[in-house]
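Peer 1: A single structure is presented below for examination.
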Amino acid sequence: MNKKELLYEGKAKKLYATEDPDLLIAEFKDDLTAFNAQKKGSESGKGALNCQISSRLYELLEKNGIKTHLIKTLDENHQLVKKVEIIPIEVVVRNTATGSLSKRLGIKEALKLPFTLVEFYLKDDDLNDPIICEEHCLILNLVKDKETLHLLKERAKKINSVLKEFFSQRGLDLIDFKVEFGIDKEGEIVLSDEISPDSCRFWDMDTGEKMDKDRFRQNLGNVKVAYEEVLKRVLEEK
Ligand code: UDP
């Protein structure tokens, strides 16, 4: 399968057409952005690390019955994926309070939440990805009905339970993460985009060290070292 024209370029990935109209090639970029792209940077090799991490996690999720857009990993920073229509909702799952949750609601940093929290954010950079409730999703026609929102929430929680267990076996505490879903040509909802240290927070269970994009957001240094360590642990056989 070969890359044809560039169809879309986002902050972290480029999407190319292929000979097959139902398939795309995703190329993972080295660019890093934070705070709605107000902070920009680049880390050579970051794209390849995220591609390999995300591929491994999607294979794990597929094995656990979660349909994803991933068809095949082509090389270290390219994936062959199903063409889907992205649902413009960023689904955020949280196990521990930090980031915008702590800032917005004053919840103590690092507090373990009494249950898994699932939130919806509107995927719209011009509006700064605002948090939205279920009724907003329906008014904005982001999904066709309330049942779809229920399905997104349940799917996100299932992804969380698989990933939380997987990372905990590898000494990483999964704090929170963001996922996106798409609708494929059969009308099925499939996990799309990526799951990587760009879109998750992991804290090392022994040292408490941040092993994700917070190293870039908060100028902690060693961004690539942390992503390399996450890949190493993700590839560990248990
Ligand atoms: N997240 C993401 N993309 C976004 C916003 C958030 O991948 O556009 C991820 C982020 O990496 C974290 C989780 O979603 O793992 C929750 O992020 P939060 O709302 O705390 O946002 P932030 O603190 O980054 O503003």
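Peer 1: Regarding the stretch 74-166, what are the three Cα extents along the principal axes, ordered largest first, in Å?
Peer 2: Principal extents (Cα only, largest first): 40, 38, 28 Å.
Peer 1: Sticking with this structure for a sec: Classify the stretch 199-238 from the C-alpha gyration tensor, please: rounded if a/c falls under 1.5, else prolate or oblate depending on whether a/b exceeds b/c. Don't skip to the end; give the middle numbers.
Peer 2: Details: a/c = 2.11, a/b = 1.66, b/c = 1.28.
Because a/c hits 1.5 or more and a/b exceeds b/c, the stretch 199-238 counts as prolate.
Peer 1: Over the stretch 7-140, calculate the relative contact order: mean separation of alpha carbon pairs under 8 Å at least 6 apart, over the residue count, as a percent. The partial results should precede the final answer.
Peer 2: Numbers: 204 pairs, mean separation 21.5, N = 134.
Averaging sequence separation for qualifying contacts and normalising by length gives 16 percent for the stretch 7-140.
Peer 1: Using Stokes-Einstein with the Kirkwood hydrodynamic radius over Cα pairs, what translational diffusion coefficient do you get for the chain at 25 °C and a viscosity of 0.890 mPa s, in µm²/s rounded to a whole number? Present the calculation step by step, with values, prior to reporting the outcome.
Peer 2: Working: Rh = 18.3 Å.
Result for D is 134 µm²/s.
Peer 1: With unit charges on the beta carbons (Lys and Arg positive, Asp and Glu negative) and the dipole taken about the Cα centre of the stretch 1-119, which residue among T116, A48, L61 sits farthest to the positive side?
Peer 2: Going by the charge dipole, the pick is T116.
Peer 1: Counting only helical runs of four or more DSSP H residues, what would the 222 nm mean residue ellipticity of the chain come to if each run contributes -39,500 (n - 2.57) and the total is spread over all its residues?
Peer 2: Details: 6 runs with 71 residues, N = 238.
It comes out at -9000 deg cm²/dmol, rounded to the nearest 500.
Peer 1: What's the extension gain from D75 to D204 if we count 0.36 nm per residue and subtract their Cα-Cα distance?
Peer 2: Values: separation 129, 0.36 × 129 = 46.44 nm, distance 2.83 nm.
Going from the current span to full extension adds 43.6 nm.
Peer 1: In terms of modelled amide H atoms, which long-range or inter-chain residues lie less than 5 Å from the amide H of M205?
Peer 2: L172, D173
Peer 1: I've got another one for you. Taking the Cα centre as origin and putting +1 on Lys and Arg beta-carbons and -1 on Asp and Glu beta-carbons, what dipole magnitude results for the stretch 158-223, to the nearest 20 debye?
Peer 2: Numbers: 10 positive and 15 negative charges, 39 e Å.
Computed charge dipole of the stretch 158-223: roughly 180 debye.
Peer 1: About its Cα centre, how strong a charge dipole does the chain have in debye, to the nearest 20, once Lys and Arg get +1 and Asp and Glu get -1 at the Cβ?
Peer 2: Details: 40 positive and 45 negative charges, 114 e Å.
It comes to approximately 540 debye.
Peer 1: From the Cα gyration tensor of the stretch 1-60, with a ≥ b ≥ c the square roots of its eigenvalues, which class applies: rounded if a/c is under 1.5, or else prolate if a/b is larger than b/c, or else oblate? Spell out each step's value before the answer.
Peer 2: On the way: a/c = 2.33, a/b = 1.43, b/c = 1.63.
Verdict is oblate for the stretch 1-60.
Peer 1: Sticking with this one: Can you tell me how much longer the chain between A110 and K238 gets when fully stretched, taken as 0.36 nm per residue apart minus their C-alpha distance, in nm with one decimal? Don't jump to the answer; show the numbers that get you there.
Peer 2: Values: separation 128, 0.36 × 128 = 46.08 nm, distance 2.75 nm.
Using 0.36 nm per residue and subtracting the Cα-Cα distance, I get 43.3 nm.
Peer 1: Please work out the C-alpha center-to-center distance from the stretch 108-161 to the stretch 184-228 and express it in whole Å.
Peer 2: So the separation of the two Cα centres works out to 18 Å.
Peer 1: Continuing with the same structure: Counting Lys and Arg as +1 and Asp and Glu as -1, each charge on the Cβ, what is the dipole of the stretch 53-158 about the Cα centre in debye, to the nearest 20?
Peer 2: Working: 18 positive and 17 negative charges, 105 e Å.
So the dipole magnitude of the stretch 53-158 works out to roughly 500 debye.
Peer 1: Here's another thing I want to ask about it. Does the stretch 1-139 come out rounded, prolate or oblate, given a ≥ b ≥ c as the square roots of the eigenvalues of its C-alpha gyration tensor, rounded meaning a/c under 1.5 and, failing that, prolate meaning a/b above b/c? If you can, show how the numbers build up before the last one.
Peer 2: Details: a/c = 1.69, a/b = 1.64, b/c = 1.04.
Since a/c reaches 1.5 and a/b is larger than b/c, the shape of the stretch 1-139 is classed as prolate.
No lab work stands behind these numbers, since they all come straight from the coordinates. Bear in mind the structure is a predicted one, so any value in this text is a computation, not a measurement. Using ideal geometry, Cβ is built from the backbone for each residue, glycine included, and neighbour counts are taken over all protein chains shown.
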